[in-house]
Each structure stands twice: as structure tokens, then as C-alpha cells.
Amino acid sequence: MKRIHGLIIAAAAVMSLAACGNTSAVNSIIEEKEASAAAAAVTAAVQESSSAPAGSKAPAETEASGKEVDIDLTKLDANMLYAQISDMVNNSGSYEGKMVRVGGQFAYYQDDIGREYFAALVSDATACCSQGIEFVLDGEHKYPDDYPQVGDNIIVTGEFGSYEEDGYTYCQLKHADVKVDHTLSW
């Protein structure tokens, strides 16, 4: 919880300089995009089921590291990305074990007892609201030597999971790979 509070406080401090007033326009855009995405998903599912042999699965995209990506969030626009991350946080059970790729800004937080947390933060289209996914790199790594600089645009690929800490459930990408991406712009 302290980790989330630290990330929220940092994000709130930045957002307070350009805080949102009326968010109804953003909410309307998100609702439209979600409805559009849902319709597209149904259409794709219908097309896939009619053309794929029974019991077959659509091939997942393969990451350069050899990891098959089930959910590629790098292909979504800012509003859909923010909405999808919110859904993943609120409905984490539906995503457990899925290989996820996400782009965002690198964030780091160390709590008062020395635990370190690393995340990819994403903002909605107006950059007034932020959401993030924590990640844990595969193997042994030391901060700051083996990590990007805070604020760098990154792409993280890892297995979606959740864990309990201090009575709260948190989401993270486990066994993750991270790379700085100079082509992303937020």
C-alpha cells in the first residue's frame, strides 16, 4: 500500500500543476472506445471461430526474447491503454498468467523499510490521470545500474500476476524484460 501511495503522491504532485476539471469529455471518449473495442472483439472472435479449426488457438505474437505475447498494450491509443490497465488492476484474475507487453514511463519507488518497486506508468490522452503496472525483472538486477532512468519511455514484457502485501493485493509483470524505447512519445 505504501508503494502505491508513493506512486500516487508523486503522480498527484505532477498532475496538480495541470489537473483536470470536468472529466466528462474524457469519460465519454473512453466509453465510446470501449464500446468500439468490444464490438471489434466480438467481430474478430466470430471471424476467428468461423475460419479456425475447432480447438485451435490464434498464435500469440512472439517477443524478441522468445516470450509469446498474449496482450500487447503498445498497440492501443492513450485512452484505451489507460482503460485497459485500469481493467487489469480491477479484474486481475482474468489476466493471471498472461504474457503482457506495455509501454510507459519508468517509475521507481522505495518505501520506508527499503523495499523497491519499479513500474511502467501510463497516462490517459489528456495526461491528467495516470495508472501503472509494477514489474519485476527476470534474474538478478540492481537499481540504478540495471534499470532505465526515471521518466524514460520503456517497453516492458512480462507475465501478469498478483501478490499480497500488508493486507492488499497488487498487480505486477513477473519475469519481465524492459527496454528503453526512444520511439514512444507521451
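The values are calculated or read from the model by the stated rules, or taken from the named source; none is laboratory data. All values reported here derive from a predicted model rather than from experimental measurement. Quick reminder, even Gly has a Cβ in these numbers, built from the backbone with ideal geometry, and neighbours come from all protein chains shown.
Would you pick out the residues in segment 130-186 that are of a type in the set (Val, Ile, Thr) and either closer than 20 Å to residue 78 by Cβ or in a strand (DSSP E or B) (or both)? 133, 136, 154, 155, 156, 157, 169, 178, 180, 183, listed by residue number. Residue count for segment 109-129 under the criterion of being part of a strand (DSSP E or B) and more than 19 Å from residue 169 (Cα to Cα): the result is 2. Of the residues 97, 103, the single one that is touching a residue at least 60 places away in the same chain (Cβ under 8 Å) and at positive phi is 97.
Considering only segment 99-106, I want to know if a residue exists there that is part of a helix (DSSP H, G or I), at pLDDT 90 or above and within 15 Å of the chain's Cα centre (by Cα). Scanning segment 99-106 turns up no residue that is part of a helix (DSSP H, G or I), at pLDDT 90 or above and within 15 Å of the chain's Cα centre (by Cα).
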